[in-house]
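K.L.:
Dropping the structure in here first, questions after.
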Amino acid sequence: MSIKAIIPSVVVFLFFLQPSPAQTQGTPAARCSDGTNSYTASRRGACSRHGGVATWNIPADATARCNDGTFSSSTTLQETCSDHGGVAERYSWDQGPAGDDSSYIAAMKSDLRNLVTAEQSFFADSVKYTGRIGARGLTYAVTSGNTLSRIALTTNGWQASISNKNTRTRCMIFIGSIKNPPAITEGVPACVAF
């Protein structure tokens, strides 16, 4: 067999040894409820086809991962990871200029949508909603910095509100017939600044 006949086979073999795109995308932004990872560059849509976000692997306010493995929340390019060996990867969390609350609001809305998924899953198993998280309740966690006030059960559903320590905005959601203003459409989070 000649060397010319062997080279194409070697090239094809080496091609398949290359890591898949999922293995080269850096730190997964989130671990989905079905066990897969989401490498989204934005929090919007993370794990949307995988049962929602189980846990966020990257802090809500992170703008970059540094070469030493730490995260930076710096809003200027010069300060980002300056004492941590430089930037390994940058993130885009739908964040506007410094002082813009959009990334916190997006995280709160995402957490409320994940709560809907968790409650619907609980309802499918128990034929009722619950206000309990953890043992004999929901498998659910909020993004770092967010606080779920409580889940209030209503006659035919539930209401919930969430806040974030970095903004005066609070987001609400409801399932059933009893609205939770500013949320006026069932299952759709709405926010208001206090």
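Read-outs throughout are calculated quantities, based only on the coordinates presented, and are distinct from any laboratory measurement. None of the values given here were measured: they were computed from a predicted structure. Here the Cβ is made from the backbone with ideal geometry for all residues, glycine too, and neighbour counts use every protein chain on show.
K.L.:
Shape call for the stretch 102-193 from the C-alpha gyration tensor, a ≥ b ≥ c root eigenvalues: rounded (a/c under 1.5), prolate (a/b greater than b/c) or oblate?
P.N.:
Since a/c reaches 1.5 but b/c is at least a/b, the shape of the stretch 102-193 is classed as oblate.
K.L.:
What's the extension gain from residue 153 to residue 83 if we count 0.36 nm per residue and subtract their Cα-Cα distance?
P.N.:
Result: 20.4 nm gained on full extension.
K.L.:
With a 10 Å radius around each residue's Cβ, average the other Cβ atoms per peptide and rank 140-147, 31-38, highest first.
P.N.:
140-147, 31-38
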